[in-house]
1. Pick from 136, 146, 128: which is in a loop (DSSP other than H, G, I, E, B) and open to solvent by 30 Å² or more (accessible area, probe 1.4 Å)?
2. For the stretch 79-99, which residues satisfy the criterion of being touching a Lys or Arg at 6+ places or on another chain (Cβ under 9 Å) and open to solvent by 40 Å² or more (accessible area, probe 1.4 Å)?
3. Does the stretch 299-344 hold any residues that are assigned to a helix (DSSP H, G or I) and of a type in the set (Lys, Arg), and which are they?
4. Yes or no: the stretch 60-83 includes at least one residue that is within 24 Å of residue 256 (Cβ to Cβ) and aliphatic (A, V, I, L, M).
5. Does the stretch 111-124 contain at least one residue that is part of a helix (DSSP H, G or I) and open to solvent by 30 Å² or more (accessible area, probe 1.4 Å)?
6. Across the stretch 314-327, which residue is farthest from the chain's Cα centre (by Cα) among those that are closer than 21 Å to residue 424 by Cα and not hydrophobic (A, V, I, L, M, F, W, C)?
7. Filter the stretch 146-198 down to the residues that are of a type in the set (Lys, Arg) and at negative phi, then identify the one that is modelled with the lowest pLDDT.
8. Restricting to the stretch 228-258, give me the number of residues that are open to solvent by less than 50 Å² (accessible area, probe 1.4 Å) and either touching a Leu at 6+ places or on another chain (Cβ under 7 Å) or not in a helix (DSSP H, G or I) (or both).
Amino acid sequence: MEADIVVVGAGLAGLVAAAEAADLGRSVLLVDQEGEQNLGGQAFWSLGGLFLVDSPEQRRMGVQDSLELARQDWFGSAQFDRDEDRWPRAWAEAYLEFAAGEKRSWLRQYGHRVFPVVGWAERGDGRPDGHGNSVPRFHITWGTGPGVVAPFERRVRAHVDTGRIRFAFRHQVDGLLVEAGAVVGVHGRRLEPTTAERGRPSSRTVVGEFQARAQAVIVTSGGIGGNHDLIRRAWPARLGSPPKRMVAGVPAHVDGRMLGIAEEAGANIINPDRMWHYVEGLRNWDPIWENHGIRILPGPSSLWLDAAGNRLPAPYFPGFDTLGTLRHLRHSGYDYSWFLLTQKIIEKEFALSGSEQNPDLTGKDLKLLLSRVRAGAPGPVEAFKRHGEDFVVADTLDDLVAGMNRIADPDVPAIEVGRIRTLVTERDRQLTNTFGKDAQVKAIRSARNYRGDRLLRVAAPHRLLDPKAGPLIAVRLNILSRKTLGGLETDLDGRCRTRDGDAFPGLYAAGEVAGFGGGGMMGYNALEGSFLGGCLFSGRVAGRAAARQLS
């Protein structure tokens, strides 16, 4: 098995790298341990959100954005503070220029389109120079995750038809071939064919061995989100103690194997303690992979309580500061928390992350999409409300709290209904006029100044105990594993660095395995829409650079 370039991992970054290299005339072998049915990797399951700056969609929604404001937000969130942040900083600058420049037009030439209403993710920690997006920047792909993957799958398959790209599915890489200090290929085991559906566990039965030689290897194998033991091992003290129990936001094959393999060969890993996990995870009532979790994409109105029933302080409101909230909750001593809300809130504010949870956007179904502005919650949300084990629905606060205590962990003190009634009543009193001092109520009113939020994402302020807004709903929220923010250190050509700081000849990396660029271009915090965007950008950079630098 020989090619000019071997790409390890057939997710989004791998597809982009392979397509770009083949466009420049190079032969590519695309290797993946899973079957062809998993082409596109984690990106397929995503909502397809992309971080864009000063886009036409933003301007049409009345959003004034700029590269300067985006840079302020990005670096305020990243909080780069280490010597090894040299390349991550450089990648952040380059990516911001891309997001404010040719990213949208580059995607559009391949048929990519975005939904016209821009979302506002990670609304921030309340500081102008701190974490968060000052304006809405979350552009949802028309077609969600499959709509992001499709243009690059088409490009790759077109090159497969000409013989320039070859697939090697069910080939599990066990090591890099290194000769005279340069990477010249990979070796590993061939696994038996699989009929397992996309995302489901596949066999690891070995049927042979393989070796593939090339002038360059691009590693695009993803992070460690499916390996909870590795997550706990890398868990930083600043986030409190690692959770005993998490739900899995990615399939089990996102196992981090290639990180260890590349490091053993001499590549440098930086920032392994930087990670991104959500605190609004639901246990999927209809799972695809083991321990399958789905994230709620919340609007700002639900009352957030820790497992013992204490209200979270500002700025830890739904959708504002993911890692700040995770840090706060991990110091509570419990592995879950609660949303307390009404039917009126769930109808307007609950969206579920994932292509399979948004059939209207994924299927480009305009008729189904119109149901989002009608009465009632979206179908997938209602299905979770009916079948999900994390949901409690009741007409009275007494019955709601009793239901919360029934599904609580046995080592958590029972929630007292009198205490919850006091919290809710105090909050509701803030809605008797347009004044008030409750920071969350102020945030709700502020959010509705944005046309997109008022139309699709934020319910009109109302009393939680208003019978007309009912029934009452409580949702148990689990920690959901997701992204690795650190990884293989790379320069601005995507070339891996060695532990001595030199370029590692023949070895490149892109996507999550490289911290989406440089070994962690997001620093400590993500602004959302930047994961897929980081795969697109770093895959493009590595594919082009490897193709151009071959002898």
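1. Numbers: 136 fails: open to solvent by 30 Å² or more (accessible area, probe 1.4 Å); 146 fails: in a loop (DSSP other than H, G, I, E, B).
Sole residue among the options that is in a loop (DSSP other than H, G, I, E, B) and open to solvent by 30 Å² or more (accessible area, probe 1.4 Å): 128.
2. Once the filter is applied, which keeps residues that are touching a Lys or Arg at 6+ places or on another chain (Cβ under 9 Å) and open to solvent by 40 Å² or more (accessible area, probe 1.4 Å), the stretch 79-99 yields only 93.
3. The initial filter retains those residues of the stretch 299-344 that are assigned to a helix (DSSP H, G or I), namely 322-330, 343-344.
If the condition is that a residue be assigned to a helix (DSSP H, G or I) and of a type in the set (Lys, Arg), then 327, 330, 344 are the ones that fit.
4. Yes, because at least one residue in the stretch 60-83 is within 24 Å of residue 256 (Cβ to Cβ) and aliphatic (A, V, I, L, M).
5. Restricting attention to the stretch 111-124, the residues satisfying the condition of being part of a helix (DSSP H, G or I) are none.
Checking the stretch 111-124: not a single residue is part of a helix (DSSP H, G or I) and open to solvent by 30 Å² or more (accessible area, probe 1.4 Å).
6. The first filter runs over the stretch 314-327 and keeps only residues closer than 21 Å to residue 424 by Cα, leaving 314-320, 325.
With not hydrophobic (A, V, I, L, M, F, W, C) added as a condition, the list becomes 315-316, 318-319, 325.
On the way: 315: 21, 316: 19, 318: 16, 319: 14, 325: 16 Å.
Within the stretch 314-327, the match that is farthest from the chain's Cα centre (by Cα) is 315.
7. Looking only at the stretch 146-198, we keep the residues that are of a type in the set (Lys, Arg), and these are 154-155, 157, 164, 166, 170, 189-190, 198.
Still in the running and at negative phi: 154-155, 157, 164, 166, 189-190, 198.
Details: 154: 98, 155: 98, 157: 98, 164: 98, 166: 98, 189: 98, 190: 98, 198: 95.
Filtering first and then ranking leaves 198.
8. 15
The values are calculated or read from the model by the stated rules, or taken from the named source; none is laboratory data. No experiment lies behind these values; they were computed from the predicted model shown. Cβ atoms come from the backbone with ideal geometry, glycine included; neighbour counts cover every protein chain shown. With ligands, DNA and RNA removed, areas are computed over all heavy atoms of the protein, side chains included. Shrake-Rupley method; radii C 1.70, N 1.55, O 1.52, S 1.80 Å.
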